[in-house]
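Contents: one structure, followed by commentary.
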Amino acid sequence: TNGEEGTDDQPRKCEPVGCIVCKIDIEGGEGESPDLDIHSLSAWKEQNKDMIYSGYIGMLAVQEEHRRFGLGTALIHRAIYRMKELGCESIKLETEASNAKAMSLYENRFGFIREELLKKYYLNWGDAYRLRLWFDTS
């Protein structure tokens, strides 16, 4: 074999083909936001009910040859699900204003709305839109 299928004595070759980077920001109350891992957040939230939790997607990347198979969509779905599950009121992100595919994905498939145009946001002087997805917290 070529080593990619794997055998009983040789593991299959696996390489990452996509990733999403996200976080939860904590606003309100007194002092700085604590540096909590995901397992400590729920307990901390019970003691700090006056805080506002907002998700942030900093990056989504899928290797070009693995695009159009739903991997990016699945990663976003998972991030949205976890942030909502952990009590976020909204999720925000920035994307290049000229990236029509990303804008369509976020706005049409997930319901993000344009919140702000950020002129010359990127190092290449490209403009960006700040997008936000609000959750019904009632």
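A few comments on the model shown:
- Ranked by the mean number of other Cβ atoms within 10 Å per residue, highest first, peptides 55-63, 103-111 order as 55-63, 103-111.
- Taking all pairs of distinct alpha-carbon atoms in the chain, Kirkwood radius in angstrom: 17.3
- Highest to lowest packing among 11-18, 91-98, scored as the average C-beta count within 10 Å: 91-98, 11-18
- Dimensions in Å of the stretch 93-137 - Rg and Dmax from alpha carbons: 10.9, 38
- Out-of-range pairs (alpha-carbon distance over 29 Å; input Lys23/Lys49; Lys23/Lys120; Lys13/Lys101; Lys92/Lys119; Lys49/Lys120): Lys13/Lys101; Lys49/Lys120
- Normalised by the number of residues in the chain, the average gap of Cα pairs under 8 Å and 6 or more apart makes the relative contact order 21 percent.
Each reported figure results from applying straightforward, stated rules to the coordinates on display, with no laboratory input. Keep in mind it's a predicted model, so treat the numbers as computed, not measured. Every residue, glycine among them, receives a Cβ derived from its backbone with ideal geometry; neighbour counts consider all protein chains shown.
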